[in-house]
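Structure record follows, encoded as structure tokens.
The values are calculated or read from the model by the stated rules, or taken from the named source; none is laboratory data. Predicted, not measured: the structure shown is a model, and the values here were computed from it. Ideal geometry is used to build each Cβ from the backbone, glycine not excepted, and the neighbour counts take in all protein chains shown.
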Amino acid sequence: MSNQKSSFSFGSDFPASIVVFFVALPLCLGIAHGSEAPLMSGLIAGIIGGTVVGIISGSRFGVSGPAAGLMTIVAGAIATLDQTLQPFGGILYSSISGPTETASKLVNPEAAFSAFLAVVVIAGVFQILLGVFKLGFIAYYFPNSVINGMLAGIGVTIFLKQIPHAIGDDRVDEGDEGFSLAHVWQDFIDTFDAMNYGAVIIAAISLGILILFQQKFITKNQILKFVPGSMVAVILAIILNYAFKGNADLELGQNHLVNLGSMEGPSDFFADMRFPDFSAAFKSIHVWITGALIALIASLETLLCVEATDRMDPAKNVTPANRELIAQGTGNMISGLIGGLPITQVIVRSSANINAGAKSKWSAILHGVLLFLCVLFIPFVLKLIPLSALAAVLLIVGYKLAHPKKFKAMYKEGWSQFIPFVVTVVLVWKLGLLNGVLIGLGLAFLFILYNNFAHSFYFKSDEHQEGEPYVLHLSEHMTFLNKASLIKVFKEIPDGSEVIIDMTNTVDVDSDIWDTIDNFETNAFERNIKCIIKCNLPREKNESLAALMASKKQRMMDSKISLSNLMGKKADKDENK
């Protein structure tokens, strides 16, 4: 179905926007905190995701903002840029950090973040190009095993890295994407040495509230289902922060609270706005590599969310994928230009929008307006939020991304799905997002090669009856990936046999396959093998197999050309809606 427009409904869209606002606010702050970026950058991304992306997008219920799926790559990118932009390619960086400091300690966080903002702008440009050239379909060629493994690996990383913040150890840097297993135990001991009991209590109560609000008796309640558990947890955390003041064992320090700098009102918001350093693009190739990577991951996450949101849409509207990429790219360009984090469409906010009864995309736009008003006029309230409460929110996010049910579901899919999934999870956690995904893709491709080797055609030698011909049923598409298995089967056929190669359903054949079958047909005479090739077209005497299949393919293409043109016109029409 094509996308259907829906007009603004004040009675439905405005209440829904309030619900989405309360869901988005703690997530914007939490994701910025987990990304080791200025907390204001998460709020800016939420504002742009709601307003700019909401206006351009063709999605009726999709809500965009900073995404947990990009947290590790953002933190790693900022740390990497801080190192690579130092004089002498990082030598100064190493000498300043010293042996007693962690490798992820930033030398010049302001310069590193400004360089990262250039990365966000570049990512936006890449996304716009993907949409303009109608390349939104690329995301659908990523194996589900790797996509799910990437998200689960990010979830594991988020969960483990938020544990120190949940117990009040806010010395920890998020910059290192991977984990060193050799130091896990020592880091565990150091974390508990820096524990703050007040932060532990707040995190525990916040987790309890978040878990409570996911129970069926609340999610099915006609009133409570519209109350965001994350906002309840944050409000209670602020109250507890006040209650703990004056208690030496429980009081939280300023380093345990949200830090918005000198932000007090509208004038401070515009005065403190950060801008990208585009000169970094000429100093480090990492700026371009990271920009392309963020564009790819953000586009992939957005398109997956779009698909899930469309499924939840009661009217089953279909969001134009390429228009969505252009909207996300525009949002990322603007977000990067004024100091915001990367943006994607987010399933948590989108599902909350649908469940809150939204009728049009105005609910997403209004939630962005509410975020903007909150930042302008009540930043002093945001500064009262304990970081341990935000850590609790992210612990739930990480757990959901790496939920045990996902491991169980992937196991049921078989080893060809489960092994790449688990390997991707472990390597994203251990080596970082890019390395984990690339190795996971390589492993998934090996399984694809094996499956092509084993299932490119139907042939069972053990089912052969003596005196009957051997029959090979070739699939619709025969590529070079099938060459090895076909040669293996030809070698197994006994001399003096009769072979029927059934190509009646074959549409497309690579030249490698043509050559393999032609060679077998030529050598069959020497092996006393009678070779019969069956297809839908009559074969002239001495006509090569390549010429025969080329003729067949051309006829099929001619018969489909009118249908292809019709479908192309329909797709263009849908994209322009």
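Points worth noting:
- Only listed residue being more than 30 Å from residue 136 (Cα to Cα), among the hydrophobic types (A, V, I, L, M, F, W, C), in contact with a Pro (Cβ under 7 Å, 6 or more places away or on another chain) and in a helix (DSSP H, G or I), chosen from 376, 370: 376
- Residues satisfying the stated conditions in region 520-549, i.e. part of a helix (DSSP H, G or I) and modelled with pLDDT of 85 or more: 520, 523, 524
- Of everything listed in (1) of a type outside the set (A, V, I, L, M, F, W, C); (2) touching a Leu at 6+ places or on another chain (Cβ under 7 Å); (3) at pLDDT below 95, the single unmet condition for residue 99 is (2).
- Checked against the criterion of being in the same structural domain as residue 437 (by TED's automatic domain parsing), of a type in the set (S, T, N, Q) and part of a helix (DSSP H, G or I), region 18-36 contains not a single residue that satisfies it.
- Residue in region 56-75 that is part of a helix (DSSP H, G or I), modelled with pLDDT of 90 or more and within 20 Å of residue 395 (Cα to Cα) present: yes
- When 212, 207 are checked against the criterion of being closer than 22 Å to residue 21 by Cα and touching a residue at least 60 places away in the same chain (Cβ under 8 Å), 207 stands alone in meeting it.
- Subset of region 400-418 (residues that are assigned to a helix (DSSP H, G or I) and more than 16 Å from the chain's Cα centre (by Cα)): 404, 405, 407, 408, 409, 410, 411, 412, 415, 416, 417, 418
- Every pair of residues 6+ apart whose Cβ atoms lie under 7 Å, when the first sits in region 408-433 and is at positive phi while the second is surrounded by fewer than 18 Cβ atoms within 10 Å (Cβ to Cβ) and not in a helix (DSSP H, G or I): 432/178
- Residue 245 closer than 16 Å to residue 355 by Cβ and among the charged types (D, E, K, R): no
- Each residue in region 11-55 was checked for being closer than 24 Å to residue 238 by Cα, among the β-branched types (Val, Ile, Thr) and at pLDDT 85 or above, and 5 pass.
So that you can scan it fast, the table gives a plain yes or no per residue for (1) aromatic (Phe, Trp, Tyr); (2) closer than 20 Å to residue 23 by Cα; (3) surrounded by 16 or more Cβ atoms within 10 Å (Cβ to Cβ):
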{"residue": "226", "(1), (2), (3)": "yes, yes, yes"}
{"residue": "250", "(1), (2), (3)": "no, no, yes"}
{"residue": "254", "(1), (2), (3)": "no, no, no"}
{"residue": "260", "(1), (2), (3)": "no, yes, yes"}
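- Conditions (1) among the aromatic types (Phe, Trp, Tyr); (2) surrounded by fewer than 18 Cβ atoms within 10 Å (Cβ to Cβ); (3) under 27 Å from residue 211 (Cα atoms); number of the one not met by residue 415: (3)
- Test result for residue 507, among the hydrophobic types (A, V, I, L, M, F, W, C), in contact with a Lys or Arg (Cβ under 9 Å, 6 or more places away or on another chain) and surrounded by fewer than 16 Cβ atoms within 10 Å (Cβ to Cβ): yes
- When residue 341 is tested against the conditions (1) assigned to a loop (DSSP other than H, G, I, E, B); (2) of a type in the set (A, V, I, L, M, F, W, C); (3) out of contact with any helix residue (DSSP H, G or I) (no Cβ under 7 Å at 6 or more places or on another chain); (4) within 29 Å of residue 275 (Cα to Cα), the lone failure is (3).
- Residues that are assigned to a loop (DSSP other than H, G, I, E, B) and surrounded by 20 or more Cβ atoms within 10 Å (Cβ to Cβ) within region 314-328 comprise 319, 320, listed in sequence order.
- Qualifying positions in region 121-136 - part of a helix (DSSP H, G or I) and more than 15 Å from residue 344 (Cβ to Cβ): 121, 122, 125, 129, 132
- Residue count, region 234-292 (criterion: at positive phi and at pLDDT 80 or above): 1
- Listed by first and then second residue, the pairs linking a residue in region 302-330 that is touching a residue at least 24 places away in the same chain (Cβ under 8 Å) and within 27 Å of residue 120 (Cβ to Cβ) to a residue that is buried (at least 22 other Cβ atoms within 10 Å of the Cβ) and of a type in the set (D, E, K, R), with Cβ atoms under 6 Å apart and 6 or more places separating them unless they lie on different chains, are 306/324.
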